[in-house]
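*Asks:* Next up is a structure, given as structure tokens.
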Amino acid sequence: MSKKAISNIAIIAFIVIFAIICAFTGSVMSPVGTLWSLFPPVVAIGLALITKEAYSSLFIGVLVGSLLSSSFQPIHTVDAVIAQGIVPAVADSAGIFAFLVFLGIIVALLNKAGGSRAFGEWASSHVRTKVGASLATFALGVLIFVDDYFNCLTVGAVMRPVTDKTNISRAKLAYLIDATAAPICMIAPVSSWAAAVSSFTPEGTNGITLFIQAIPYNFYSLLTFVFVIGLIFMKFDYGPMKLHEKNAQKGDLFTTGERVGNEEEESSASKGRSRVFDLVIPIIVLIVFCITALVYVGRGMGADYDGSVSLVDAFANTDATMGLPWGGIIALVIIIIYFVARKLVTFKEAMECIPKGFNAMVPAILILTLATSLKNVTNLLDSSSFVESALGSAGSLNNLLPAIIFVVACLIAFSTGTSWGTFGILIPIVLNVFPIGSPLGAIGMSACLAGAVCGDHCSPISDTTIMSSAGAQCNHLNHVSTQIPYAVTVAAISFVSFIIAGFLQNVVISLAIGVALTIGTLIVIKRVTADR
């Protein structure tokens, strides 16, 4: 057995033994509603970052959470793992699993029909630089603002051939996808995220209005865009990403982990016949039907359908776990018919793409299942009560409270891997602390939303982070380890911006200072890393 394996086993054993000892101490006899309610995700995240292995790390986190919630009773622990963790996780995520599989099949079809190759060849003659490919990826991510899952997977499928041709590492592609998924949804009034935020506001308040008022102060989302554009034009990287980008210039797009590329064998019938529109048309079909499906679900399905519901209200009421697979299956059928009619693939070859597409998405499905299971068992420990009491004691800080809320939201979202769960915990608290409609109330609401996005952006167990890895076909922990330094940099600038905003309560000045700090930070980091 290698030294690394022994070290990993020792780390795992230490954490499990530590959890058992803590469980039997007087202070942790009942972890429900205490700081210890956040211990299971901390274990999972810590192990994932140390061992570079996601599956066992997430499962151990689920096990630790189940042990704590069941007071270490074996039968109840097994019940928590299965009945409270894994089974509900599969049930809750079934719609997203279906959409992942449909998209995997579509990607396999695009490769088989030669659409990806044709688009890559076109891109190599029109987008010849890393700057151009990076900007194109960023722009497409900004344009697809309806839903973060849809954003991650669609941008990845379209831009992989382009970024591969220009030697952009898969880790960098995953970052570009992730940086324009949740952040753009968080400032788009017509998106599934706006709907989620509005659903957590108290009855009688206009959730969409509160969401729109919070947009100008959402420093993390806005400054992330400034940060990404700055990185692209300054042409440098730092942290673990620097190694990935150096290796990509030598032809190694992955550095470590499984090599997953567009290596699907092209159909003999499509050789020399596929064109750029053989990728563009299927993607447009997918986008149109997914957006249509989200609106349809938001207006009510079947006998409950109400065509008079406005577009904004439809997105406020929609369910992405139902709408995306609804649109995905229709798009898949149309794409198969299109390719067969174009004689780019035979019907048999199209059917062979089904298991290949499913197999390509198995890693993402497994990680998403375990991550959702971890969230479920963490909910058994009632971490929201602990957060509420902690924030209540900080209520007297007033002008500094938005910055504190931002940090708390970051920690919750990072530990639990969910922005929406963080909204559910913090939005009612924020609206009780600050008067609705006041300038400080808008800043506090923004801090809650920005912190949730930031924590979600960093977390290895976040579904959006997992989807970004899947979209880029990048090793998940490579994506996490390369993204964290960038996300933490923007988070630190956002924290300072919220302090300034809390005192000035002027969005123009606060945002201008935030932009200046972001650009200045990038200049300093570039000089420091260049000296090294």
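The values are calculated or read from the model by the stated rules, or taken from the named source; none is laboratory data. Note that the coordinates shown come from a computational prediction; the quantities given were computed from them, not determined experimentally. With ideal geometry, Cβ positions are generated from the backbone for all residues, glycine too; neighbour counts draw on all protein chains shown. In case anyone asks, the SASA skips ligands and DNA or RNA and just uses the protein heavy atoms, side chains included. Shrake-Rupley method; radii C 1.70, N 1.55, O 1.52, S 1.80 Å.
*Asks:* Using label points projected 7 Å from each Cα along Cα→Cβ, tell me how many nm separate Ala139 and Val87, to one decimal.
*Replies:* 5.1
*Asks:* In whole Å, how far is the Cα centre of the stretch 437-495 from that of the stretch 129-163?
*Replies:* A separation of 17 Å, based on Cα centres.
*Asks:* Of the cross-linked pairs Lys242/Lys375; Lys130/Lys526; Lys52/Lys250, which ones have a Cα-Cα span greater than 29 Å in the structure shown? Show your work: numbers first, answer last.
*Replies:* Numbers: Lys242/Lys375 32 Å; Lys130/Lys526 18 Å; Lys52/Lys250 24 Å.
Going by Cα-Cα distance, Lys242/Lys375 fall outside the 29 Å limit.
*Asks:* Taking 7 Å along the Cα-to-C-beta vector as the label spot, tell me the Ser125-Asn398 distance in nanometres, rounded to one decimal.
*Replies:* 6.7
*Asks:* Oh, and also: Taking 7 Å along the Cα-to-C-beta vector as the label spot, tell me the Leu366-Val524 distance in nanometres, rounded to one decimal.
*Replies:* In this crude spin-label approximation the distance works out to 4.3 nm.
*Asks:* Hey, any idea what % of the stretch 340-387's accessible area is carbon plus sulfur with a 1.4 Å probe?
*Replies:* Answer for the stretch 340-387: carbon and sulfur cover 68 percent of the accessible area.
*Asks:* Also, I was wondering about something else. Please label the shape of the stretch 444-532 as rounded, prolate or oblate, based on the square roots a ≥ b ≥ c of the eigenvalues of the alpha-carbon gyration tensor (a/c under 1.5 means rounded; beyond that, a/b larger than b/c means prolate, else oblate).
*Replies:* It comes out oblate by the Cα gyration axes.
*Asks:* Using packing as a proxy for protection, rank 449-455, 332-338, 438-444 so that the peptide with the highest average count of other Cβ atoms within 10 Å comes first.
*Replies:* Numbers: 449-455: 31.1, 332-338: 18.3, 438-444: 21.0.
Answer by packing, highest mean first, reads 449-455, 438-444, 332-338.
*Asks:* Here is a further query. Cross-link candidates for Lys356: which lysines have Cα within less than 24 Å, leaving aside residues fewer than 8 places away along the same chain?
*Replies:* In chain and number order, the partners are Lys112, Lys165, Lys271, Lys343, Lys348.
*Asks:* Given axes a ≥ b ≥ c from the Cα gyration tensor, I'd like to know whether the stretch 288-374 is rounded (a/c under 1.5), prolate (a/b larger than b/c) or oblate.
*Replies:* Oblate is the answer for the stretch 288-374, as a/c is 1.5 or above yet b/c matches or exceeds a/b.
*Asks:* Sorting check: for 494-500, 209-215, which peptide has the highest mean count of neighbouring beta carbons within 10 Å, and how do the rest follow?
*Replies:* 494-500, 209-215
*Asks:* Would you mind telling me the share, in percent, of accessible area of the stretch 472-532 contributed by carbon and sulfur at probe 1.4 angstrom?
*Replies:* Carbon plus sulfur share of accessible area: 70 percent.
*Asks:* Here's something else I'd like to know. Would you mind getting the accessible area per residue of the stretch 70-193, heavy atoms of the protein chains only, 1.4 Å probe, in Å²?
*Replies:* Result: 29 Å² of accessible area for each residue.
*Asks:* So, one more: Per residue, how much accessible surface does the stretch 354-498 expose to a 1.4 Å probe? Answer in Å², no decimals. Each step should come with its number before you reach the end.
*Replies:* Working: 4060 Å² over 145 residues.
Averaged over the residues of the stretch 354-498, the accessible area is 28 Å².
*Asks:* Within the stretch 286-329, what whole-number % of the accessible surface is contributed by carbon and sulfur, with the 1.4 Å probe and all protein chains included in the calculation?
*Replies:* The computed percentage sits at 61.
*Asks:* Now a separate question. Mind jotting down the distance between the C-alpha centroids of the stretch 169-190 and the stretch 328-357, whole Å?
*Replies:* Answer, in whole Å: 29.
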